[in-house]
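All remarks here apply to the structure that follows.
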Amino acid sequence: MRLLAATVASLSLLGAAFAHADQSRGTAMSTTSSASPALEDIRTVSPALEKYASGTIQEDLWKRPGLSPRDRSIVTVAALIARNQTIEMPHHLNLALDNGVKPAEISEIITHLAFYSGWANAMAAVAVAKDVFTQRGVGADQLPMASPQPLPLNEAAESQRAARNQESFGTVSPGVLQFTTDLLFKDLWLRPDLTPRDRSLVTVSALIASGQVAQIPYHLNRAMDNGLAKSQASEVLTHLAFYAGWPNVFSALPVVKGVFDSRPS
């Protein structure tokens, strides 16, 4: 876990540097990132959009039984980070905490998505989450350790995954494969403050939200192996149609169907 510990530490330092640079330009990140419009503001621009926001989103989508409110918050936060859409983050980070997502889990989601959605997206999320955590009195004792005791590694499954990648891409980029094995699957995925099922849910949500359909089969199969039910995976698509857009979801539909069809009933 030492390699990831250094990585997490650098994430925190970069976040501080990001905030400092922002302040030096005379621009408070919290001012721009917390400006999600209220319903009455939406109405002044688009009455139809306000109708969908207050009706379809709040009164229908978020109350559908296929996913718990906690899961919907995890999916939404992952999509916002993956798409670097900070304007909605303060509301949805607060909602996630209200829905039972722990501060440590939000911290882990951001760390995880630094690798799956890019460092800059994680930095933007750090700046927003810092304000939310401060406002809600979240202390360091509620955050994950940089180097916790890792979860057990499935040696056989990891050996098979690494062998497949080595056979396919070993001569293309040895460095990518080395970091994939040592940093992601032997370190990041074993951090205990986000369950394997929830970590997979975050990953699949981010892949769909960013249109990365080629990576969906492996990670959706892994998610279902980690306990995500088929009905829940189906509802993730429905939820993300609103938060990532219909085209991204329709691009994912045939890939997800292929995964569903390939698994035992």
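The values are calculated or read from the model by the stated rules, or taken from the named source; none is laboratory data. The shown structure was predicted, so the numbers you read here are calculated from the model rather than taken from an experiment. No Cβ is skipped: glycine too gets one built from the backbone with ideal geometry, and neighbour counts run over all protein chains shown.
For the range 57-75, how many residues are surrounded by fewer than 15 Cβ atoms within 10 Å (Cβ to Cβ), more than 18 Å from the chain's Cα centre (by Cα) and farther than 18 Å from Glu40 by Cβ? Summing the residues that are surrounded by fewer than 15 Cβ atoms within 10 Å (Cβ to Cβ), more than 18 Å from the chain's Cα centre (by Cα) and farther than 18 Å from Glu40 by Cβ in the range 57-75 gives 4.
Checked against (1) in contact (Cβ under 8 Å) with a residue 60 or more places away in the chain; (2) assigned to a helix (DSSP H, G or I), Gly66 meets all criteria but (2).
Taking every residue in the range 140-166 that is loosely packed, with under 12 Cβ neighbours inside 10 Å and pairing it with any residue that is of a type in the set (A, V, I, L, M), at least 6 positions away or on another chain, the pairs with Cβ-Cβ distances below 8 Å are Pro152/Leu190. Taking Ala48, is it of a type in the set (Gly, Ala, Ser), farther than 20 Å from Gln232 by Cα, surrounded by fewer than 18 Cβ atoms within 10 Å (Cβ to Cβ) and at pLDDT below 95? When the stated conditions are applied, Ala48 does not pass them. Of the residues in the range 57-65, at least one is farther than 30 Å from Leu183 by Cα, of a type in the set (A, V, I, L, M) and modelled with pLDDT of 95 or more. When Ser168, Ser117 are checked against the criterion of being in the same structural domain as Leu207 (by TED's automatic domain parsing), among the polar types (S, T, N, Q) and under 24 Å from Val213 (Cβ atoms), Ser117 stands alone in meeting it.
Within the range 190-219, residues that are part of a loop (DSSP other than H, G, I, E, B) reach partners that are among the hydroxyl-bearing types (Ser, Thr, Tyr) and crowded, with 18+ Cβ neighbours inside 10 Å with beta carbons closer than 8 Å, at six or more positions or on different chains, in the pairs Arg191/Thr111; Asp193/Ser107; Ser210/Ser117.
Is it true that Leu97 is more than 20 Å from Val204 (Cβ to Cβ) and hydrophobic (A, V, I, L, M, F, W, C)? Taking the combined requirement at face value, the residue satisfies it. Filtering the range 182-199 to residues that are buried (at least 17 other Cβ atoms within 10 Å of the Cβ) and more than 27 Å from Asp141 (Cβ to Cβ) leaves Phe185, Lys186.
Against the criterion of being over 18 Å from the mean Cα position of the chain (by Cα), within 19 Å of Leu188 (Cβ to Cβ) and touching a residue at least 24 places away in the same chain (Cβ under 8 Å), Ala120 does not qualify.
Keeping to the range 200-218, report how many residues are of a type outside the set (Gly, Ala, Ser) and crowded, with 20+ Cβ neighbours inside 10 Å. Number satisfying all stated conditions: 7.
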